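Single-structure report; data block below.
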Amino acid sequence: MADLDGNKIEHNYHLEKAFACNGNFHVKGAANLDWGMKKHLSNIFSPKTGNTVMFAFDHGYFMGSVSGLERLDLLMPGLIDHIDVLMATRGALRTCVKPNFRKGVALRVSSGSSMIQEDLSEEVIAVDVEDAIRLGADALAVQVFIGAKGQLASIDNLSKVINAAYRYSIPVLGVVAVGKDMERTDKYFKLATRIIAELGANIVKTYYCDKFDEVVAACPVPIVMAGGKKLPEKEALELAFNAIAGGARGVDMGRNIFQTAHPAAMADAIGKIVHRKYTAKEAYEYYCEAIK
Ligand code: 5RP
């Protein structure tokens with residue numbers, strides 16, 4: 001381990017230069033992976049646009065029946081055709097999602113906290129790789145708590161899942177946690193996203209921040225932006241636009257889709273930004289037209 005004394009503080013992220021090690025595959029950092037990994041990643045990131053719209057509804061693993069997800073069985077049929085990937089728990093998939101959809105699956109495999117406790121940073125690996133294979137998962141999602149009490153355990157969880165997933169050519173999605181004591185700054189997100197990528201994750205999910213383009217440039221695998229708390233639709237679409245403009249290869253939004261009055265229209269509007277280069281204004285106009 002390098003010593004931390006007197007580290008040079010200036011950085012150059014070469015923002016004007018594209019990632020140089022992509023070969024001819026459309027997912028950042030995956031050029032040297034095998035066929036199976038690339039197939040799973042292609043189920044997540046469109047080969048046409050390189051991007052993805054993930055619908056996150058794994059909140060129940062620690063929030064229970066959060067507003068908007070009270071009845072997944074009623075929500076999913078009208079939404080599934082409007083998103084690319086399901087970010088879900090195995091319980092939600094098996095009970096409330098028909099298996100005849102043809103979408104990517106990002107399976108939540110870490111767990112261990114509940115929203116009634118103070119510290120949410122201690123999780124375990126809750127799903128083994130065999131059950132992920134049974135579910136046909138295209139990525140295994142693990143929460144990582146950099147800078148929190150649960151840091152070591154979450155890094156151990158991530159590493160164990162990566163070790164197991166690589167045996168079966170399944171990508172791993174490292175999820176940057178932002179507990180209430182964690183700062184949502186580019187300094188924190190650069191550290192957290194890079195640690196997750198260096199540990200071998202194939203996708204990193206994090207929140208938007210200032211200098212987001214630098215966070216993206218310094219991360220050698222694709223970044224997908226987590227939506228965060230519910231915003232007015234116009235602001236949520238601006239957030240999605242800023243993330244894509246900053247180099248995110250997609251969004252993983254939950255509350256800003258399932259807590260709107262029109263989830264399908266919102267997912268479509270997000271998809272226009274992610275896959276069709278719409279501006280936030282154009283996407284909001286599309287949304288307003290779609291809900292008339
Ligand atoms: C919940 C999660 C969600 O997948 C992630 O936060 C995205 O959902 P939202 O857009 O509602 O934040 O990790 O535990």
With the checklist (1) open to solvent by less than 40 Å² (accessible area, probe 1.4 Å); (2) within 16 Å of the ligand (Cβ to nearest atom); (3) assigned to a loop (DSSP other than H, G, I, E, B) in hand, flag the one item residue 219 doesn't pass.
-> (2)
Take the range 233-256 and flag every residue that is near the ligand (Cβ under 10 Å from one of its atoms) and within 10 Å of the chain's Cα centre (by Cα).
-> 251, 252, 253
Any idea how many residues of the range 127-159 are surrounded by 15 or more Cβ atoms within 10 Å (Cβ to Cβ) and in a helix (DSSP H, G or I)?
-> 9
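This table checks each residue for (1) crowded, with 22+ Cβ neighbours inside 10 Å; (2) without any contact (Cβ under 8 Å) to a residue 40 or more places away in the chain.
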| position | (1), (2) |
| --- | --- |
| 198 | no, yes |
| 229 | no, yes |
| 250 | yes, no |
| 257 | yes, no |
| 261 | no, yes |
| 266 | yes, yes |
| 275 | no, no |
| 282 | no, yes |
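Could you grab me the full set of residues in the range 172-187 that are away from the ligand (no atom under 16 Å from the Cβ) and either closer than 23 Å to residue 217 by Cα or touching a Cys at 6+ places or on another chain (Cβ under 6 Å) (or both)?
Step one: filter the range 172-187 for residues away from the ligand (no atom under 16 Å from the Cβ), giving 181, 183, 185-187.
Result: 183, 185, 186, 187.
Quick one: is residue 168 among the aromatic types (Phe, Trp, Tyr), surrounded by fewer than 23 Cβ atoms within 10 Å (Cβ to Cβ) and more than 22 Å from residue 218 (Cα to Cα)?
Numbers: among the aromatic types (Phe, Trp, Tyr): yes; surrounded by fewer than 23 Cβ atoms within 10 Å (Cβ to Cβ): yes; more than 22 Å from residue 218 (Cα to Cα): yes.
The answer is yes for residue 168.
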Between residues in the range 107-127 that are over 19 Å from residue 162 (Cβ atoms) and residues that are within 11 Å of the ligand (Cβ to nearest atom) and of a type in the set (S, T, N, Q), which pairs lie under 8 Å by C-beta distance while being six or more apart or on different chains?
-> 119/113; 120/113; 121/113; 122/113
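Take residue 28 and tell me if it is at pLDDT 95 or above, open to solvent by 30 Å² or more (accessible area, probe 1.4 Å), not aliphatic (A, V, I, L, M) and not in a loop (DSSP other than H, G, I, E, B). If you could, list the steps in order and put the result at the bottom.
Working: at pLDDT 95 or above: yes; open to solvent by 30 Å² or more (accessible area, probe 1.4 Å): yes; not aliphatic (A, V, I, L, M): yes; not in a loop (DSSP other than H, G, I, E, B): no.
So residue 28 fails the test.
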Members of the range 52-67 that are in a loop (DSSP other than H, G, I, E, B) and either buried (at least 20 other Cβ atoms within 10 Å of the Cβ) or more than 9 Å from the ligand (Cβ to nearest atom) (or both) = 57, 58, 59, 64, 65, 67
Identify all residues within the range 256-290 that are touching a Lys or Arg at 6+ places or on another chain (Cβ under 8 Å), within 14 Å of residue 241 (Cβ to Cβ) and not in a helix (DSSP H, G or I); write none if there are none.
-> 278
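The values are calculated or read from the model by the stated rules, or taken from the named source; none is laboratory data. Just so it is clear, the structure is predicted and the values come from calculations on it, not from any experiment. Positions of Cβ are generated from backbone atoms using ideal geometry, with glycine treated the same way; all protein chains shown enter the neighbour counts. These area figures cover heavy atoms from the full protein model, side chains too; ligands, DNA and RNA do not enter into them. Shrake-Rupley method; radii C 1.70, N 1.55, O 1.52, S 1.80 Å.
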